[in-house]
Every structure is written in structure tokens, then in C-alpha cells.
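Contents: one structure, followed by commentary.
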Amino acid sequence: MARTPRTLLVLSLSLAGATAAVLSSLGTAATADTPSPTTADSSTSSAPSLAGLRVLLSNDDSMQAAKASHADGLGLYEIRKALCDAGADVVVMAPWQVQSGKGTAVTNGGTLTLAERTRLPAGYENDCSGTPSGSPVYGICLSDRPCAADSPSATPSDTVKFALRTGLAAKAGWTDGPDLVVTGINSGPNVSAQVNDSGTVGAALAAIDQGVPAVAFSSSGDASQTRFPVANYRAHARFAAGLLAGMRDRGLFTDRFALKVDYPDVSAGQRAKPPVWSSVGHGQVVWHAYRPAAPGGADSYDITLGVCPDRPGDRCTETVRDADSTALLKRGHITVVPVTADRTYGVRTDGGRELSSLRHYVAHDAPRS
């Protein structure tokens, strides 16, 4: 359908409510790493095919991709390119601002506005050309006016629910789609206890709540976990396209649960170890601390983030045998975990056949790095 250079869509939400608390995003130290043309991957014998697949792409890092650390959405453009190169038709509806740590939060009142990005980040300008939808990239802010630099943002779950209920039909003509929701690639892993905080995973859960299959992708940063090299995003994006193509070929897309896929750091030239089927760990990895603010006064506290030391006996210690954090961060594997939104203790889940088939696929047939 025809699109103007900058399209604004205003959606009034009727529910009265409150906004979620904002948690700080990961650090933004500068790096010299910049996007460059993709080179051939000698480990891939044939290109994956996602021809005709309609994909809604969102994240929690925003669609800005402006920070030197690559912590604000560059991974979204890498996976967008990989999916389109494999033949998918990709539409992006993502948060306007970084929404890291928002989990499944939604906005219960106000107005959402879409701003189409017509000038994409350097190196990604010609990606997805010629797709049926035109593969627009939208950022969604919480405002009744055009999105501005300081406009508050829709949450990750907001973007997915809006896209599935209204946005894709209005902007892409997808009245019966998409076929799949992809979230990410996140800047930093989403493992163990912090999975509950993840907007990347939260957006995928919002999709399966609406009956649409979803996969959430997150990539490790470098050794500091404050810089997020293009090499990690790019390797993960190639793997993701192959993984999804294999799932599609085998009829493994399901809305009974979402998949969470985390990729290790390969920026120093090492290769990711093969994917393993894992569980969400119980230990802490990233620690939220609250310290008196100076000179904020006695009632002000700064939110700070740090990496937990893994000391036996404390809450940072991982106790789950097949934990995602252990396989990813200590052993260097790609980790794949099924996640659901059902928080009922001891509940019997359905989807056993799909779960078994996916586990077999990951262990035996999924692409390697």
C-alpha cells in the first residue's frame, strides 16, 4: 500500500491507568566497532529460505541505533537484514526510546503515535527493498503529537499488542498476519532471574498471548557487557535466519510457548558452541542496587546495575543444572529456552509434542554458528 515519507498514526487508548517504573538500561561506553558489509559465511552450506513469511519485528532497545555502544537498537537492523535476505517480509514496530527492563509492562492510558523512519542507519539503507509491504520501520511513542527526541515511549508489549490488533492492518495491509513475531536482537543476554525483567522476552509473550508464534533473540556484549559489537549481532542474525527457516520447514512454529534464544560473545574471533536446550536459571546475573543519591536528599536513591559475583551460597549462585546462564556465559553455547506467560505453580502445560519436536531439532538439526 502507498506510504507517505513520514506517517503518523494516533491511537487513543480508553483505559485509565498508570505507567510502569523505568529501569536503567545497560551502559553505553563507546566503541570503534561500526557496521560493515556482510561477508559470506563459509560455515553455511546453503542460504536459509523464509520466502513469503510475514514477520513483525520489535525489541526493547528502540529503533534509534544512535549510540556508539550499539545498545539502542542496532541488533534490530542486523536481524531485519538477515530475515529479508532470507526472503521474509518484515515490518518493524518498536519502542521509540530504549525500554530495557520493562518486562511485560503495558500502558493503560493516553495516546500512541507512530513515526516512520525514512533515513535508516548507515549501512542498512537498502535492506529489505522490494518486499511486498515495503518493510517500513516505525517507532512508537506515547504522545498525541509527532514523536520528538524527548517523547516518552511505548513499552515493548505495547508495540506488539498495538501492531497485532491495529497497526499492521492499518500500515501494511496485514489483516490476517503476521506469521511470526521476532523480538530483538537485544543488547546483552536475557538469562536466569533477569528474564522476568526483559522487555525482549515480554514482547514475545505478548505475541503468544495474541495467538502468534514468537521468538526472542538476545546477544552477549563484549567482555565488559557494556559494548555490543556488530560481530555478535551479525553472527546471531545469521544463526536466527537459519534457525527460523528450519523451524518453518518442520512445522515447528507454535503459540503454545515462545522461544528465547541467547547468543554468546564471538567478537574476539571465537565461534559459538552448538545450540543447547536449556532452562531459565534461578540465580542473579545482573544485580539491581539502590543507593542514596547525592545530593538528592534522604528520599532519593539511584538505580544502579552491576554483574553479580558467583559466590557459593549467595543469591548470585546458579542452582539450576541446565541453566541458560551457565551454558551461555561459562561454556559459550547458544541457548534455546521455551518460555510461557503462565505463572501458576505446578501447572500442567500443553504443547508436549511441539516441545519434544523443538528440543530434538535444537539438539540435532538446528544450524551451528
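The values are calculated or read from the model by the stated rules, or taken from the named source; none is laboratory data. All figures in this text were calculated on a predicted structure; none of them were measured in a lab. Cβ atoms come from the backbone with ideal geometry, glycine included; neighbour counts cover every protein chain shown. Side chains are part of the model used for accessible areas, which takes the heavy atoms of the whole protein and leaves out ligands, DNA and RNA. Shrake-Rupley method; radii C 1.70, N 1.55, O 1.52, S 1.80 Å.
Between N108 and R321, how high is the FRET efficiency from 1/(1 + (r/R0)^6) when r is the Cβ-Cβ distance and R₀ = 35 Å? Nearest 0.05. Kindly include the intermediate steps, with their values, before the conclusion.
Details: r = 40 Å, r/R0 = 1.13.
With R0 = 35 Å, the Cβ-Cβ based efficiency is 0.30.
Distance in nm between label sites at T175 and R119, each 7 Å beyond Cα in the beta-carbon direction?
Placing both labels 7 Å beyond Cα along the Cβ direction yields 3.7 nm.
Please find the FRET efficiency linking T340 to D144, where r is the Cβ-Cβ separation and R0 is fixed at 30 Å, and quote it to the nearest 0.05. The partial results should precede the final answer.
Details: r = 35 Å, r/R0 = 1.18.
My answer for the efficiency is 0.25.
Could you tell me the calculated FRET efficiency between N196 and S357, based on Cβ-Cβ distance and R0 = 22 angstrom, to the nearest 0.05?
On the way: r = 27 Å, r/R0 = 1.22.
Rounded to the nearest 0.05, the efficiency is 0.25.
What is the antiparallel percent of DSSP beta bridges lying wholly in the chain, to the nearest 5? Write out the running numbers ahead of the final one.
Details: 22 of 48 bridges.
Antiparallel: roughly 45 percent of the beta bridges in the chain.
Cα centroid distance between the stretch 296-369 and the stretch 172-188, in Å?
Computed from Cα coordinates, the inter-centre distance equals 22 Å.
With every protein chain kept in place and ligands, DNA and RNA left out, what is the accessible area per residue of the chain? Probe 1.4 Å, answer in Å².
Working: 16450 Å² over 369 residues.
For the chain, the per-residue accessible area is 45 Å².
Accessible area of the stretch 111-189 with a 1.4 Å probe: how many percent of it is carbon plus sulfur?
Details: 1240 of 2910 Å².
Carbon and sulfur atoms account for 43 percent of the accessible area of the stretch 111-189.
When the chain is fully extended, how far beyond the present Cα-Cα distance does I303 get from K273, taking 0.36 nm per residue of separation? Kindly include the intermediate steps, with their values, before the conclusion.
On the way: separation 30, 0.36 × 30 = 10.80 nm, distance 3.45 nm.
That works out to 7.3 nm of additional length.
Return the sequence-ordered ³J(HN,Hα) values of the stretch 322-336 in whole Hz as given by the Karplus equation 6.51 cos²θ - 1.76 cosθ + 1.60 applied to θ = phi - 60°, using x for Gly and Pro.
10, 4, 4, 5, 5, 5, 7, 7, 9, 10, x, 8, 6, 10, 10
Tabulate in residue order the Karplus-calculated ³J(HN,Hα) for the stretch 180-195, using 6.51 cos²θ - 1.76 cosθ + 1.60 with θ = phi - 60°, rounded to whole Hz; enter x for Gly and Pro.
For the stretch 180-195, the Karplus-derived couplings read 7, 10, 10, 10, x, 6, 6, 8, x, x, 10, 9, 6, 4, 6, 4 Hz, x marking Gly and Pro.
State the antiparallel share, in %, of DSSP beta bridges confined to the stretch 122-280, rounding to the nearest 5.
DSSP beta bridges in the stretch 122-280 are roughly 10 percent antiparallel.
Would you calculate a helix-derived [θ] at 222 nm for the chain, using -39,500 (n - 2.57) for each DSSP H run of n ≥ 4 and dividing by the full residue count, to the nearest 500? Intermediate results must be reported in sequence, preceding the final value.
Numbers: 6 runs with 64 residues, N = 369.
Rounded to the nearest 500, the figure is -5000 deg cm²/dmol.
Using only the alpha-carbon atoms of the stretch 285-353 as identical scatterers, what base-10 log of I(q)/I(0) does the Debye formula give at q = 0.12 Å⁻¹?
-0.59
How much length is gained if the chain between A47 and H288 is pulled fully straight, taking 0.36 nm per residue apart and subtracting their Cα-Cα distance, in nm to one decimal? Please list the in-between numbers first.
Working: separation 241, 0.36 × 241 = 86.76 nm, distance 4.16 nm.
Here the answer is 82.6 nm.
Past the 30 Å Cα-Cα mark, which pairs from K161/K330; K161/K273; K81/K161? Don't skip to the end; give the middle numbers.
Values: K161/K330 35 Å; K161/K273 35 Å; K81/K161 23 Å.
As for pairs spanning more than 30 Å Cα to Cα, those are K161/K330; K161/K273.
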